[in-house]
Amino acid sequence: MVKRKKFWLLLTAVSAATSYMAYSVWHRGSPYGEKKYSPNKAFYYQQYKVMNVEESLLRLSASGQDADARHATRGYVRAYTADGGFVGESSVAGMPMAQLFWSRDKLVIMDGQTSEDPEGIIVLPDNAEIPR
């Protein structure tokens, strides 16, 4: 009976660790496009594409046109300081079609779709105003 409990405890721990590692790899994503710097070159953003089952199915079923698959490309936009310090991230749906703008103290993401982050805004640090 004790061996059985140890087995289930070990199985649960291994399953949790495996799930966490898989999520970490998925969430990290792969860079999509190039780094885009702010007008004052103090910040940049990088888009990251994550694996998406819906996108994969659309690509398989698309016959020469990948417009629907492009709209299904999901990922994250992450903002960094020029020296690589992390500022923030926002999820993005339809990455190739999303438009990103630097405002005075924010990075505004307009993806045209409802995503997990309803505002699509990454607030820059207080002392970081982009000159007009």
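Each label point was placed 7 Å from the Cα along the Cα-to-Cβ direction; for residue 10 and residue 105 their separation is 5.6 nm.
Taking 7 Å steps out from each Cα toward its Cβ at residue 21 and residue 36 produces label points 3.6 nm apart.
Each value in this text was obtained by applying a stated rule to the coordinates, not by laboratory testing. All values derive from a computational prediction rather than experimental measurement. Here Cβ is always computed from backbone atoms with ideal geometry, including for glycine, and neighbour counts include all displayed protein chains.
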